[in-house]
Amino acid sequence: MKIDSSIAAVVTGGASGLGEASARALAAKGAKVALFDLNEERGQRVAEEIGGIMCKVDVSDEASVDAGFAKAREAHGQERVLVCCAGIGTIGKTVRRDRDSGEISHLPVELFLKTIKVNLVGTFQCVAKSAAGMMTLDGLEDGERGAMVCTASVAAVDGQIGQVAYAASKAAVAGMTLPIARDFMSEGIRINSILPGIFATPLLAGLPEKAQESLAAAVPFPKRLGRPEEYASLVMTMLETGYFNGETVRLDGAIRMPPK
């Protein structure tokens, strides 16, 4: 798909990090971009800079997602591009024993469910609702009506200690990519997912400098954190390459995460 001023796009988690970089890359090609994010202030600033619009959306809430799509489509028309970057990171072992008291506890089920609801259900309902809209459009080259990119994580494959909820949610995003591509096969809609490694996002920026240096040193090559614009570059390749479909791709400098 050629990305230009005729293309409307929705980017979830578009106010910062990987989503912001993706939104900026799309806007640089002329696309009309709508940002879905809970950070209204930051999202509005980014939207103004790229000539897009901000939609305050909680991707885990169906009514909020519906309202976001309605606002985006009223402003830009039906989107042909969806990039899903919204997500949360949670930490907690399945079970743990307190070193001092010996007391045994497990990860709160509520926290597990919240992680699944945001990262997995949030991604799925944005994909499903966007696809239903794309199906109303006329096809472009090869009958293509739209293209999507979802964000999983290397944790989907080699999740670390304390990442059970996060890894499960991201493994599910990766796992549903091919079945969704097959569901879309008669409708001219493509979908791919990226499994990013350690990227310089706001989440990591809050860590001490020494911790960031240690993470960077663990990457085989190049020995640094990934740059959000590198993620966005792969997003654009997936969107613009018509034969790219149903794939999950690691983007990680060849890192394989150790147990902890």
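Every number here is computed from the coordinates shown, using simple stated rules; none is lab data. The shown structure was predicted, so the numbers you read here are calculated from the model rather than taken from an experiment. Cβ sites come from the backbone with ideal geometry, for glycine too, and all protein chains shown count toward neighbours.
Within 10 Å, count the other beta carbons around each residue, average over each peptide in 52-59, 246-253, 180-187, and list them highest first.
52-59, 246-253, 180-187
State the Cα centre-to-centre distance between the stretch 109-184 and the stretch 41-63 in whole Å.
20 Å
For the peptides 122-131, 66-75, 27-36, what is the packing order when you average, over each peptide's residues, the other Cβ atoms within 10 Å and list the highest mean first?
27-36, 122-131, 66-75
Pull up all non-local amide H partners of Val57: gap of 5 or more, or a different chain, and H-to-H distance under 5 Å with H placed in the peptide plane.
Amide H to amide H, under 5 Å and 5 or more residues apart or across chains, Val57 pairs with Asp37, Leu38.
Once fully extended, how much extra length lies between Asp4 and Leu178, figured as 0.36 nm per residue of separation less the alpha-carbon to alpha-carbon distance?
59.9 nm
For the stretch 1-121, compute Rg over Rh where Rg is the Cα radius of gyration and Rh is the Kirkwood radius from the inverse mean 1/r over Cα pairs.
1.16
Given H placed on each backbone N at 1.01 Å, which residues far from Val10 in sequence or on other chains put an amide H within less than 5 Å of it?
Those lying under 5 Å, H to H, from Val10 are Ala34, Val81, Leu82, Val83.
With a Förster radius of 41 Å, plug the Cβ-Cβ distance of Glu247 and Arg99 into 1/(1 + (r/R0)^6) and report the FRET value to the nearest 0.05.
For Glu247 and Arg99, the calculated efficiency is 0.40.
Given bins 10 angstrom wide, list per bin the percent of all Cα-Cα distances in the chain, short to long.
7, 31, 36, 19, 6, 1, 0
Would you mind putting 158-166, 211-219 in packing order, based on average other-beta-carbon counts within 10 Å, highest first? Working shown, then result.
Numbers: 158-166: 18.9, 211-219: 14.0.
Most protected by this proxy first, the peptides run 158-166, 211-219.
Quick check: from the Cα gyration tensor, does the stretch 174-260 come out rounded (a/c under 1.5), prolate or oblate?
On the way: a/c = 2.85, a/b = 2.36, b/c = 1.21.
Here the stretch 174-260 falls in the prolate category.
Under Stokes-Einstein, with the Kirkwood radius over Cα pairs standing in for Rh, what whole-number D in µm²/s applies to the stretch 113-186 at 10 °C and 1.306 mPa s?
Numbers: Rh = 13.4 Å.
For the chosen part, D equals 118 µm²/s.
Which length gain, in nm to one decimal place, applies between Ser186 and Arg224 when the Cα-Cα distance is subtracted from 0.36 nm times their residue separation?
9.5 nm
In degrees between 0 and 90, to the nearest 10, how far off the longest principal axis of the chain does helix 164-183 point, with axes built from Cα atoms?
Between the helix axis and the principal axis of the chain, the angle is about 30 degrees.
For each pair in Lys2/Lys71; Lys71/Lys117; Lys56/Lys114; Lys2/Lys117; Lys32/Lys210; Lys71/Lys93, compute the distance between the two Cα atoms and list the pairs where it is over 29 Å.
The pairs that break the limit, which is 29 Å between Cα atoms, are Lys2/Lys117; Lys32/Lys210; Lys71/Lys93.
Amide H of Ser193 versus every other amide H placed in the peptide plane: which residues, excluding those fewer than 5 positions away on the same chain, fall under 5 Å?
So Ser193 has HN proximity to Cys150, Glu247, Thr248, Val249.
Per-residue HN-Hα couplings for the stretch 94-99, Karplus 6.51 cos²θ - 1.76 cosθ + 1.60 at θ = phi - 60°, whole Hz, x for Gly and Pro?
With coefficients 6.51, -1.76 and 1.60, one gets 4, 9, 9, 10, 5, 5 Hz.
Report the full-extension gain for the segment His106 to Leu140: residue separation times 0.36 nm, less the Cα-Cα distance, to one decimal in nm.
That pair, His106 and Leu140, stretches by 7.1 nm at full extension.
Treating only the Cβ of Lys, Arg, Asp and Glu as charged (+1, +1, -1, -1), what charge dipole size does the chain show about its Cα centre? Round to the nearest 20 debye. Please list the in-between numbers first.
Details: 28 positive and 31 negative charges, 136 e Å.
So the dipole magnitude of the chain works out to roughly 660 debye.
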